Amino acid sequence: TRKVERIDTQVDEMRVRRKDSNALKVIENVFDDATLKTLYTISNKGIIKALGGSISTGKEANVFLAEGEDRNLAVKIYRISSSTFNSMEEYILGDPRFRNVRHSKRDIIFAWTKKEHRNLERAIEAGVKVPVPIISERNVLVMEFMGEGERSYPQLKEAGVNKENARAFFDTISKYIELLYTKANLVHGDLSEYNILVDPHTQEPIFIDMGQSVTLEHPKSQEFLRRDIENIIRYFKKYGIDADPEKLYSTIREI
Ligand code: ADP
Ligand code: MN
């Protein structure tokens, strides 16, 4: 188990050990001075008391466990330095909610973080199970931790889908895609067995990773919806679910 340390102690240690190892270089990539300041701001608001271990290192963001007031939280930090941001720009620029965002890399990343926060809120309003967002500041998004103890719930890929439970999972996931589309006017845009967690107690799917989710006005929203549907149908095919992507696509659009 990972020890949860106070942010300031942890950061001081990082400074001392700076350049000591490659691992720390990676850490430094995430915790640049501006990001540290942002974490202090959030910490001063009393939202996070301490930062815990790393949950995930992705292409654009790192996710960490954090200790909140009375429960664990997940902190997603978009890296300013090593972000694959060209694709971000395309998503942001097609979204009418972000018409006035300046085009500097930093500002695009901040808008992206805010977009993920708002997308999660919209998903919740539409009745889709996602982590509840708590605060977003610059490139940092704090949200409900979907896990137990210090372990995240498994991704759908690791959640033990089988021929018996596949239909229930598939139906709920299809329902969520539809609710997102019809009630939130959103398309997830990166839906797959990796961006769905499963609560092992309720067997409930949880959509995550909504930074790239777009509104229906986005020029590629239909393309993204088709791709999301195809990914899900492809995944469930192995478990005996035989669904036609085009049919699901038109059902969702007709509702
Ligand atoms: P990325 O853009 O790097 O794929 P994700 O949002 O998909 O970022 O998060 C990466 C991983 O971190 C997820 O697969 C999941 O295991 C974990 N994770 C993300 N958000 C949460 C959360 N709110 N609670 C628990 N684990 C999370
Ligand atoms: Mn992801």
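Got a sec? Which of 189, 160 is more than 16 Å from ligand 2 (Cβ to nearest atom) and of a type in the set (Gly, Ala, Ser)? Show your work before the answer.
Values: 189 fails: more than 16 Å from ligand 2 (Cβ to nearest atom).
Of 189, 160, the one residue that is more than 16 Å from ligand 2 (Cβ to nearest atom) and of a type in the set (Gly, Ala, Ser) is 160.
Restricting to the stretch 199-255, count the residues that are among the aromatic types (Phe, Trp, Tyr), more than 25 Å from residue 115 (Cα to Cα) and either without any contact (Cβ under 8 Å) to a residue 40 or more places away in the chain or surrounded by 19 or more Cβ atoms within 10 Å (Cβ to Cβ) (or both). Don't jump to the end; show me each part of the working.
Start the filter on the stretch 199-255 by keeping residues that are among the aromatic types (Phe, Trp, Tyr), which leaves 207, 224, 235-236, 239, 249.
If we keep only those that are more than 25 Å from residue 115 (Cα to Cα) as well, we get 235-236, 239.
Add one more test, that the residue is either without any contact (Cβ under 8 Å) to a residue 40 or more places away in the chain or surrounded by 19 or more Cβ atoms within 10 Å (Cβ to Cβ) (or both), and what stays is 235-236.
Residues flagged as among the aromatic types (Phe, Trp, Tyr), more than 25 Å from residue 115 (Cα to Cα) and either without any contact (Cβ under 8 Å) to a residue 40 or more places away in the chain or surrounded by 19 or more Cβ atoms within 10 Å (Cβ to Cβ) (or both) within the stretch 199-255 amount to 2.
Residue by residue, here is whether (1) assigned to a helix (DSSP H, G or I); (2) basic (Lys, Arg) holds:
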{"site": "100", "(1), (2)": "no, no"}
{"site": "114", "(1), (2)": "yes, yes"}
{"site": "120", "(1), (2)": "yes, no"}
{"site": "127", "(1), (2)": "no, no"}
{"site": "157", "(1), (2)": "yes, yes"}
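Going by what's in this entry, would residue 131 be described as in the same structural domain as residue 79 (by TED's automatic domain parsing), within 16 Å of ligand 2 (Cβ to nearest atom), modelled with pLDDT of 95 or more and not in a helix (DSSP H, G or I)?
Values: in the same structural domain as residue 79 (by TED's automatic domain parsing): yes; within 16 Å of ligand 2 (Cβ to nearest atom): yes; modelled with pLDDT of 95 or more: yes; not in a helix (DSSP H, G or I): yes.
Yes; evaluated as a whole, the condition is true for this residue.
Does residue 229 meet the test of being within 27 Å of residue 87 (Cβ to Cβ), over 20 Å from the mean Cα position of the chain (by Cα) and either away from ligand 2 (no atom under 16 Å from the Cβ) or in a helix (DSSP H, G or I) (or both)?
On the way: within 27 Å of residue 87 (Cβ to Cβ): yes; over 20 Å from the mean Cα position of the chain (by Cα): no; either away from ligand 2 (no atom under 16 Å from the Cβ) or in a helix (DSSP H, G or I) (or both): yes.
So residue 229 fails the test.
Can you name the residue in the stretch 39-91 that is at pLDDT 95 or above and of a type in the set (Ser, Thr, Tyr) and, of all such residues, is nearest to ligand 1 (Cβ to nearest atom)?
Checking each candidate, the answer is 56.
Criterion first (in contact with a helix residue (DSSP H, G or I) (Cβ under 6 Å, 6 or more places away or on another chain) and either assigned to a loop (DSSP other than H, G, I, E, B) or not assigned by TED's automatic domain parsing to the domain that holds residue 117 (or both)) does residue 205 satisfy it?
Answer is yes for this residue.
Before we move on, is residue 189 in a loop (DSSP other than H, G, I, E, B), surrounded by 21 or more Cβ atoms within 10 Å (Cβ to Cβ), touching a residue at least 12 places away in the same chain (Cβ under 8 Å) and assigned by TED's automatic domain parsing to the domain that holds residue 175? Before the answer, list the steps.
Numbers: in a loop (DSSP other than H, G, I, E, B): yes; surrounded by 21 or more Cβ atoms within 10 Å (Cβ to Cβ): yes; touching a residue at least 12 places away in the same chain (Cβ under 8 Å): yes; assigned by TED's automatic domain parsing to the domain that holds residue 175: yes.
The answer is yes for residue 189.
The values are calculated or read from the model by the stated rules, or taken from the named source; none is laboratory data. Because the structure is predicted, anything quoted here is derived from the model rather than measured. Cβ sites come from the backbone with ideal geometry, for glycine too, and all protein chains shown count toward neighbours.
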